[in-house]
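Asks: Before we start, here is the structure in question, set down as structure tokens.
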Amino acid sequence: MTVLGVSVGTSAVRLARPVQGLRAGVDAAFRHRAIDTTFDQAEQLAAESIGVILADPADPESISATGVAYRDDAQAGAVARAMARQHIANYRLVPEVHAAVQFLRSTGDLDGLHVVALYDLGSSGLSVTVVDLDNGKVLAAERSFAVSGNMFDAAIRDNQIGRQQSGLDDVDGREFELRCRVAKEQLSSSGAVCLPG
């Protein structure tokens, strides 16, 4: 059974599914894909992406279940309407916190822990949620707009603009901002990245 996990964020739709053929005792591995939502409504793009994956006859790993993580009731409703427009019925809406906990359980990162604090720095803000792993209860949750991924994108962009001698006139401003966001995301797993110029 292959499960497709989908996260619908402000700036990207992220899809993940387990890599097939892993041996018992090996931590789960996932194939990830991110789709930029700059020019599309995130919920509609998520539904369309799920529809494409489910309809792909060349995909050797058929999807038997789809879980779509949502942050609040308004987004859950928007996802459900978008899925209905795509005629997709075989999916389950899952609160983001529960989806994150289940993902971390599958990787083994929560082994031996009883309480975890989840930190989600999205493009529009920061959410921190404390969860009791023994009963799944949310002990505390806070959202702040004082820091966001967009702010980090802007800091990288401004830094790069300040370092440029010339040549930025030839680069589209929106394209340059997207490159800065990609650079920021690459800094999560690398100590250095390159940007044009």
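Asks: Which of F30, F103, F176 moves most in a GNM of the chain, Cα contacts under 10 Å?
Replies: Maximum fluctuation in the GNM of the chain, among the listed residues, is at F176.
Asks: A further question on this structure: Just to check I understand the Karplus step: with θ = phi - 60° and J = 6.51 cos²θ - 1.76 cosθ + 1.60, what whole-Hz values come out for the range 95-101, glycine and proline as x?
Replies: Working through the residues one at a time gives x, 3, 4, 5, 5, 5, 4 Hz.
Asks: Leaving ligands, DNA and RNA out of it, work out the accessible area of D134 with a 1.4 Å probe and give it in Å² to the nearest 10.
Replies: About 110 Å², rounded to the nearest 10.
Asks: Computed FRET efficiency, Cβ-Cβ of A146 and D56, R0 30 Å: what is it to the nearest 0.05?
Replies: Calculated transfer efficiency: 0.10.
Asks: Report the paramagnetic label zone for Q164: residues of the range 176-197 whose backbone N is under 17 Å from a point 7 Å from Cα along the Cα-to-Cβ axis.
Replies: Inside the label zone: 176-184, 194-197.
Asks: Okay, moving on. Share of the chain's accessible area from carbon and sulfur, percent, 1.4 Å?
Replies: Ligands and nucleic acids excluded, carbon and sulfur reach 53 percent.
Asks: For the chain, build the convex hull from the C-alpha positions and give me its volume per residue in Å³.
Replies: Spelled out: Cα convex hull of the chain, divided by residues, is 162 Å³.
Asks: Between E177, E96, E43, which gets the highest mean-square fluctuation from a Gaussian network model of the chain, Cα cutoff 10 Å?
Replies: E177
Asks: Still on this structure, I have one more. Once the cut-off is 18 Å, how many percent of the Cα-Cα pairs in the range 55-163 end up in the long-distance tail?
Replies: The calculated P(r) of the range 55-163 puts 65 percent of pairs beyond 18 Å.
The values are calculated or read from the model by the stated rules, or taken from the named source; none is laboratory data. The structure displayed is predicted, hence computed values, not measured ones. Neighbour counts run over all protein chains shown; Cβ positions are idealised from the backbone, glycine included. Only protein heavy atoms, including side chains, enter the accessible area calculation; ligands, DNA and RNA are left aside. Shrake-Rupley method; radii C 1.70, N 1.55, O 1.52, S 1.80 Å.
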